[in-house]
Each structure stands twice: as C-alpha cells, then as structure tokens.
Amino acid sequence: MPVISFASPKGGVGKSTSALVLASGLSQAGASVTVIDGDPNRTLETWASETSDPGFECRTLPSDNAIIDEIEEAAASSQFVIVDLEGTANLAMSRAISRTDLVIIPLQASPVDARQASRAIKLVVDEGRALRREIPYRMLFTRVNPAIATRDEKEIRSQFRGAGIPTFETALNDRAGFRAMFTHYRSLWSLGDDQATGLDKARINATAFVQEVVTEIRRQNAVVEQTA
Ligand SMILES: Nc1ncnc2c1ncn2[C@@H]1O[C@H](COP(=O)(O)OP(=O)(O)O)[C@@H](O)[C@H]1O
Ligand SMILES: [Mg+2]
C-alpha cells in the first residue's frame with residue numbers, strides 16, 4: 001500500500017512532526033499504519049516507545065541493504081507506510097525514495113527554507129531520473145501563522161505555482177498542540193485540553209492535511225489505472 005516519505009535536507013522544518021500528524025491522523029480514521037523512522041535523532045521511534053496510545057507500528061530504518069525489504073514488507077501488511085527521512089543525499093535516502101509513492105517536502109514560509117526545499121526537489125527529481133520513473137512529490141508549508149498568510153508564504157506559493165511545483169493547499173499551522181504531542185507523548189487526538197491550547201483547531205488543521213494526502217494518493221491511483 002502507499003509509501004509516503006517526508007524528506008528535506010534542512011532540519012527543523014517539521015518532517016517528524018508532520019509525519020506523526022499524518023500517521024496518527026490516518027490511524028485515528030481507522031487505517032493500519034507503519035512508520036519507519038529514518039531520522040538519526042530517532043524522534044518517532046522514541047515517541048512510539050514512550051506513548052501509551054501508539055495507534056501504529058514504528059520501526060527503525062534498517063541498514064542500506066535491508067531498506068527495500070523493510071519498506072516492502074511494511075507496505076504488504078499496512079494500508080499506509082510513512083517514512084521519516086533525514087533527507088541528505090545518501091544511499092539510504094535513494095533506496096527509500098525508490099520505493100516511495102509520494103514524497104512530502106515540508107518547509108517553513110521563508111526564502112531560506114524555500115531555497116533549501118529546492119535542493120530536496122532536485123534530489124527527488126534526480127532519483128527519479130536514475131530510476132526512469134517520475135517520483136511524485138508535494139511541498140507542505142509548516143509552522144504557518146494561523147491568523148494570516150504572510151507575504152513570504154504568498155510569494156513562495158506563487159513562485160512554486162509559476163514553476164509548476166505541486167504544493168498542498170493545506171498548510172500545517174504553528175500550534176501548541178503539534179509541539180505538545182512530543183512533550184506528552186500523545187497523539188493530537190488523545191491530548192487533554194489542559195495539555196495544549198487550541199487543540200480543536202489543530203485537529204481540524206491536521207484532518208484537512210490527512211484528507212488532502214489521501215485525495216492525492218487516490219488521484220495518483222486513478223492516473224495509474226487509466227494508463228494501465
Ligand atoms: N506545525 C507546528 N506547530 C508548532 N511547532 C512545530 C510544528 N511543526 C514543527 N514544530 C516544532 O519545530 C521543531 C522542529 O520540528 P521537527 O518536526 O522535529 O522537524 P524536523 O523533523 O524536520 O527536524 C520542533 O520543536 C517541533 O515541535
Ligand atoms: Mg526529524
């Protein structure tokens with residue numbers, strides 16, 4: 001079943017947070033999910049070992065030679081596989097990307113992040129060339145001010161549009177709930193109202209993101225069926 005990887009060479013853009021939002025959002029909706037943690041900080045593996053409401057299975061990205069087997073095994077047994085990648089150009093990254101159906105590239109709405117994100121796009125496109133297969137990817141704005149779209153965000157969105165770079169409509173807002181998942185080792189849906197403010201809004205935001213990912217995967221499958 002679909003393999004969705006989060007990748008970007010820049011740390012701190014929200015890869016692990018967005019991956020956890022997607023994994024717990026899908027499992028909250030009843031899907032079976034396996035997360036493969038390729039972040040050297042082991043952010044998601046630590047979360048999964050500490051939480052009392054995992055909702056999904058979490059494994060560590062194995063050594064280079066075993067990566068493809070691990071992803072394929074997870075894909076055979078789960079409805080969704082989510083891989084949190086470090087995102088620098090290395091063999092592990094290539095192997096994981098070669099088995100990915102959708103790469104999500106998170107970025108914050110700043111010109112510096114946009115430049116770093118184009119390095120991530122280049123990695124994905126180069127991987128696709130080497131494999132002679134187009135690897136679908138989509139940009140995801142993270143930590144966006146929920147009150148207003150900043151001038152930077154509008155500007156970068158319009159540059160992406162102009163360059164034909166696909167971008168999620170939904171941006172993940174900067175919200176306490178997304179940070180509290182890691183403070184309290186709980187999913188957004190099991191945090192208590194005393195553990196973060198604005199949880200309702202964070203959940204609505206997360207659900208919109210999860211739905212957009214599912215819509216994108218369905219759209220891809222429809223294209224594959226049409227061309228088969
Ligand atoms: N949508 C968000 N709202 C609030 N804080 C966020 C959000 N996304 C990420 N963060 C915070 O930003 C920091 C970096 O996020 P993280 O997901 O670890 O990035 P990466 O995996 O790309 O290094 C963390 O402190 C995290 O809590
Ligand atoms: Mg991370």
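Only residues that are hydrophobic (A, V, I, L, M, F, W, C), outside any loop (DSSP other than H, G, I, E, B) and under 26 Å from I156 (Cα atoms): list them for the stretch 166-217, please. Residues satisfying the conditions are A176, F178, A202, I204, A206, A208, F209, V210, V213, V214, I217.
The residues listed here are G198, G164; of these, the one that is free of Cβ contacts under 8 Å to residues at least 60 places away in the same chain and more than 18 Å from T17 (Cα to Cα) is G164. For the stretch 1-48, residues that are more than 16 Å from ligand 2 (Cβ to nearest atom) and among the small types (G, A, S) total 6.
For the stretch 1-38, filtering for residues that are closer than 21 Å to E70 by Cβ, surrounded by 22 or more Cβ atoms within 10 Å (Cβ to Cβ) and aliphatic (A, V, I, L, M) leaves 11. Among the residues of the stretch 90-111, the ones that are open to solvent by 60 Å² or more (accessible area, probe 1.4 Å), in a loop (DSSP other than H, G, I, E, B) and among the aliphatic types (A, V, I, L, M) come to 0 in all.
So which residues in the stretch 131-159 are of a type outside the set (A, V, I, L, M), at pLDDT 95 or above and open to solvent by less than 30 Å² (accessible area, probe 1.4 Å)? The answer is F141, T142. Just one residue in the set S32, S52, S77 is of a type in the set (S, T, N, Q) and either within 30 Å of S110 (Cβ to Cβ) or under 17 Å from the mean Cα position of the chain (by Cα) (or both); that residue is S32. If a residue must be in contact with a Lys or Arg (Cβ under 9 Å, 6 or more places away or on another chain), open to solvent by 70 Å² or more (accessible area, probe 1.4 Å) and either within 18 Å of E212 (Cα to Cα) or charged (D, E, K, R) (or both), how many such residues does the stretch 112-130 contain? Adding up the residues that qualify gives 1. Give the residues of the stretch 186-214 that are under 20 Å from V33 (Cβ atoms), of a type outside the set (A, V, I, L, M) and within 13 Å of ligand 1 (Cβ to nearest atom), sorted by residue number. If the condition is that a residue be under 20 Å from V33 (Cβ atoms), of a type outside the set (A, V, I, L, M) and within 13 Å of ligand 1 (Cβ to nearest atom), then R203, N205, F209 are the ones that fit.
The values are calculated or read from the model by the stated rules, or taken from the named source; none is laboratory data. Not measured: the values here are computed from a predicted model. Methodologically, a virtual Cβ is constructed for each residue, glycine included, from the backbone with ideal geometry; neighbour enumeration extends over all protein chains shown. With ligands, DNA and RNA removed, areas are computed over all heavy atoms of the protein, side chains included. Shrake-Rupley method; radii C 1.70, N 1.55, O 1.52, S 1.80 Å.
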